[in-house]
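Working notes, beginning with the structure itself.
The values are calculated or read from the model by the stated rules, or taken from the named source; none is laboratory data. Just so it is clear, the structure is predicted and the values come from calculations on it, not from any experiment. Note that we place each Cβ from the backbone using ideal geometry, even for glycine, and neighbour counts take in every protein chain shown. Heavy atoms of the whole protein, side chains included, go into the accessibility calculation; ligands, DNA and RNA do not. Shrake-Rupley method; radii C 1.70, N 1.55, O 1.52, S 1.80 Å.
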Amino acid sequence: MSERQSQDAHETDRRITIRWKVMLALGAVLIALGLFVDWPSPQEAGVPNTSSFLIILGGLLGAVGLLTALRGE
């Protein structure tokens, strides 16, 4: 029974590791898209421009990835 629990714990750690790496990579891609792609300005006045939205979303996703990594340790 102990061996099964050890395998389950190892599998859970591996999944958490993959999860935070994917979140960090996705956050970096969104930030890069926000910074380096020249997006057209929004047509409506109340809508934020795409660049700032992608940068904020990428930063939030990266922060969640970092918090997930810190929680796993």
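Quick one: if you stick a label point 7 Å off each Cα along the C-beta vector at Q5 and E44, how many nm between them?
Label at Q5, label at E44, 5.4 nm between them.
Roughly how many debye, to the nearest 20, is the charge dipole of the chain about its Cα centre, given +1 on each Lys and Arg Cβ, -1 on each Asp and Glu Cβ, and no other charges?
In total the dipole reaches around 120 debye.
Would you mind counting up the charge near T50? Only other residues with Cβ under 15 Å from its Cβ, with Lys and Arg at +1 and Asp and Glu at -1.
Overall, the nearby charge balance is -2.
Considering only protein heavy atoms, with the full assembly of protein chains and a 1.4 angstrom probe, order W39, W20 by accessible area, largest first.
W39, W20
For the chain, what relative contact order do you get, as a whole percent, if you take Cα pairs closer than 8 Å and at least 6 residues apart?
42 percent
Carbon and sulfur atoms: what percent of the 1.4 Å accessible area of the chain do they account for?
It is 64 percent, rounded to a whole number.
So, for the chain, what is the accessible surface per residue at a probe of 1.4 Å, expressed in square angstrom?
79 Å²
Using only the alpha-carbon atoms, how far is helix 2-36 inclined from the longest principal axis of the chain? Give it as 0 to 90 degrees, nearest 10.
Approximately 10 degrees, to the nearest ten.
For the chain, take the longest principal axis of its alpha carbons; what is the angle in degrees between that and the long axis of helix 50-72, to the nearest 10 within 0 to 90?
10 degrees
Taking +1 at the Cβ of each Lys and Arg and -1 at the Cβ of each Asp and Glu, which of G65, A45, G27 sits farthest along the dipole of the chain towards its positive end, judged by Cα position relative to the Cα centre?
Of the listed residues, the answer is G65.
Just the C-alpha atoms of the chain: what Rg/Rh do they give, with Rh taken as the Kirkwood radius?
Here Rg/Rh amounts to 1.26.
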